[in-house]
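Report on one structure; see the data block that follows.
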Amino acid sequence: MRNIFKYLKKLWQLIIKYIYMNRLFISYVLLALLGSIFLRELTIVNTYHFKPLITDLGIILAFGSIGYLFKPKNQYKYFFTVLIVFTVVEVINSIYYTFFEGFVTVSLISTLKQTETVADSIFDRLRLIDFIYVLQPIIFYFIHKSINKTAYYNYIGKVERKKTMTILTAGVSLLCILFTFATAEGSDYSRLVKQWNRAYLVDRFGILLYQSNDVVQSIIPKINSLFGYDDAVELFNTYFMDEERNTYKKDNKYTGILDGYNIVYVHMESMQTFLMDLEFNGETVTPNLNKLASEGMFFSNFYPQVSTGTSSDAEYIMLTGLMPASTGTVFVNYSNNTFRTIAQELKERNYYTFSMHGNLSDMWNRKNVHPKLGYMDMFFKESFTFNDDLDYNTNPDVVGLGISDKLFFQQAIPKLEEMEATYDNYFGTIITLSNHSPFPHNNAFTLDLSDYYTDPKTLEETSSCYLCERNVGKYIASSHYADEALGEFISYIKNSDYFNNTIFVFYGDHDAKISYKDMNYLYNYDYTTGELKDESDPTYIEYDSYDHNLNKKTPLIMWTKNKELSKKLTGEVDYMMGMYDVIPTLYNMLDIDYNYVLGHDIFNIKDDNIIIFPNGNFLTEKVYYNNSTGEHKTLNGGVDEEYLNKYIDYTEKTIDVGNAIITYDLFNQNKRNDKKE
């Protein structure tokens, strides 16, 4: 027993000596580790998980081991620089997660220019706590100043064994990283390579390994694109020759019904389906959208499949029937690709094609990409006349990021009527703008979100507007305005002498990025107490993370004022439907043969459909599967492991094929011919 105590005493003395001799290094390690812990807490709320903590520690030690190669007085400069790098990584990811509920990738650097016109949206969501990481280098500086007043640096310079400390620290770092990979499952390695689910990677491996891995994965496609073309082609051919896929390619009662008709996409910014069920003080939030749904064919379970490209991803999917890029964005990072789109198909059938948007043509690189997508003419901000003074309360011409939807539609109508008079057929996309975050208050917003009730203390009639200052309330008010503008547009169309041969396809491009917390305030806020309702409250509405994801569906409506055709394009279609299913459905309606799309004609696949999201999650009529956790929520009946594994495998293959098409530019016939030679 005496020997044990003697050993423990000696061990304790060694620990004290190590701490004393390595005060600067230990300060660096603890501050860096705290930064990564704070990031997980402020994003995925994963503070105390052991595995990402060990991984982050391993990487922090790896960088730290290099510091021992410097003289003690220069170690401070090195550690301070490393902390600055970690701080920048954490601040950027914290802000990015607040806005996009995801983590930054290296490829997104090329899209930074896209923030110009949405800067207000980003700044609106900034939180002071997103900059807590800045305390790391600040605290470290003061620790250095305190140490510098002592003889620490001179003493350490004489006794420190640089090579020994470097090797020992690097050894501990290696053990931490080996532990990380030894305890990882096969699916974890797959996720690291594919980078689908960034939240999972940070949750499992920590922010530092995630970001380091992202740098590697951003380089690999550039290398693979030079050497992996043949494998990509084989994957492509195998996928599209699959017999089961082709069983869903057949005629149905809608085959050819749109042959010869004009088609206009109306791309509705951030419009979600849940809005259609909301009322405030007897006023419906989206009365015009609801009316459209009742007059046309309404796809009530339609889900966007966008990634970091948001609106541009929606355009890409709605034109191609493919998946967006897992890394970067198609419009920015792969703008030189060759595309196969509905605009090109119809242009070959002598359709005039166009795009129309009240924003800058530089946004999402549209001025360069739209011609390659098959648009013959483009009408951007410079094509519209309006006062662009951004004083929302005095200038009716501007709502949100630019020209108001009402004024935009007013000026779009004459352009559309001129097309009707000039061309036998046309296809185009009209992209709205007003309902873009951050949904700033505007005098044009007329919806009253107040709650009117009797105060239990004074018994007087009173009101409160708990939603007015929350993002979800601002979004609802903004959407009501966008719906009013949509109603005026439909009224113009109905009263025009034109458009009797035109089909309008209205679709919400993506969800509004409203947080789970804010949405819970919509459903469970008690205005009499000023707090969220408890689960024991009989009026409490259960709203979990699965409900939040399922709530991200957007409207899809096919509508025409042609009386004969409107009899066929009518009713609710409640099959689970992804954005990539629109093109094969429309192609069949247009009697256009299609092969290389990832979706299906919804009227052929029906309840057998699967919606695949870029992060590896998927949705069927039976289940919502979360790729991040490996867990699922049953929606209709039971599912077994065989069912899940079948669709997990199909999801991975589909995402791989979608990425191969983009990364290797597989529709480029010239590239194919060069490879043959």
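For the reader, a short list of remarks on this structure follows.
- Of all residues making up region 435-458, the number that are of a type in the set (Val, Ile, Thr) and either modelled with pLDDT of 85 or more or assigned to a strand (DSSP E or B) (or both): 2
- For region 405-421, the count of residues that are in the same structural domain as Thr286 (by TED's automatic domain parsing), buried (at least 17 other Cβ atoms within 10 Å of the Cβ) and part of a loop (DSSP other than H, G, I, E, B) is zero.
- Qualifying residue in region 660-668 (condition: out of contact with any Phe, Trp or Tyr (no Cβ under 9 Å at 6 or more places or on another chain) and either outside the structural domain of Thr255 (by TED's automatic domain parsing) or at pLDDT below 90 (or both)): yes
- Pairs with Cβ under 7 Å, 6+ apart, first in region 278-292 and at positive phi, second of a type in the set (Asp, Glu): Asn281/Asp448
- Output for region 301-322, where each listed residue is among the aliphatic types (A, V, I, L, M) and either farther than 18 Å from Met363 by Cα or over 9 Å from the mean Cα position of the chain (by Cα) (or both): Ala314, Ile317, Met318, Leu319, Leu322
- Given (1) modelled with pLDDT of 85 or more; (2) surrounded by fewer than 20 Cβ atoms within 10 Å (Cβ to Cβ); (3) within 18 Å of Asp397 (Cα to Cα); (4) not hydrophobic (A, V, I, L, M, F, W, C), index of the condition His480 fails: (2)
- Inclusion of Asp581 among residues that are crowded, with 19+ Cβ neighbours inside 10 Å, modelled with pLDDT of 95 or more and closer than 23 Å to Leu292 by Cβ is warranted.
- Unique residue being in the same structural domain as Tyr141 (by TED's automatic domain parsing), over 15 Å from Phe103 (Cβ atoms), modelled with pLDDT of 90 or more and not in a loop (DSSP other than H, G, I, E, B) when the list is Ser36, Ser27: Ser27
- Residue check, Lys145 more than 15 Å from Phe25 (Cβ to Cβ), more than 29 Å from the chain's Cα centre (by Cα) and at pLDDT 80 or above: yes
- Pick from region 148-166, criterion under 12 Å from Asn22 (Cα atoms) and not basic (Lys, Arg), ranking: modelled with the lowest pLDDT: Val159
- Flag for Val639 being without any contact (Cβ under 8 Å) to a residue 40 or more places away in the chain, assigned to a loop (DSSP other than H, G, I, E, B) and surrounded by 15 or more Cβ atoms within 10 Å (Cβ to Cβ): yes
- Candidate set from region 57-77 (those that are free of Cβ contacts under 8 Å to residues at least 40 places away in the same chain and under 20 Å from Val89 (Cβ atoms)); member that is nearest to the chain's Cα centre (by Cα): Phe63
- Positions within region 595-614 being of a type outside the set (A, V, I, L, M) and either under 19 Å from the mean Cα position of the chain (by Cα) or part of a strand (DSSP E or B) (or both), in sequence order: Phe613, Pro614
- For region 494-537, residues that are at negative phi, charged (D, E, K, R) and surrounded by 14 or more Cβ atoms within 10 Å (Cβ to Cβ) total 5.
- Tallying residues that are acidic (Asp, Glu) and modelled with pLDDT of 80 or more within region 222-250 yields 4.
- Looking across region 459-516, just one residue is without any contact (Cβ under 8 Å) to a residue 24 or more places away in the chain, in a helix (DSSP H, G or I) and farther than 14 Å from Leu289 by Cβ, and that is Asn495.
- Per the conditions (1) within 22 Å of Thr654 (Cβ to Cβ); (2) in contact with a helix residue (DSSP H, G or I) (Cβ under 8 Å, 6 or more places away or on another chain); (3) touching a residue at least 40 places away in the same chain (Cβ under 8 Å); (4) surrounded by 21 or more Cβ atoms within 10 Å (Cβ to Cβ), the sole criterion not satisfied by Glu621 is (4).
- Some residue of region 364-371 being within 30 Å of Ile219 (Cα to Cα) and of a type in the set (A, V, I, L, M): yes
The values are calculated or read from the model by the stated rules, or taken from the named source; none is laboratory data. Computed from a predicted structure; not experimentally measured. Heads up, the Cβs are rebuilt from the backbone with ideal geometry, glycines too, and the neighbour counts pull from every protein chain shown.
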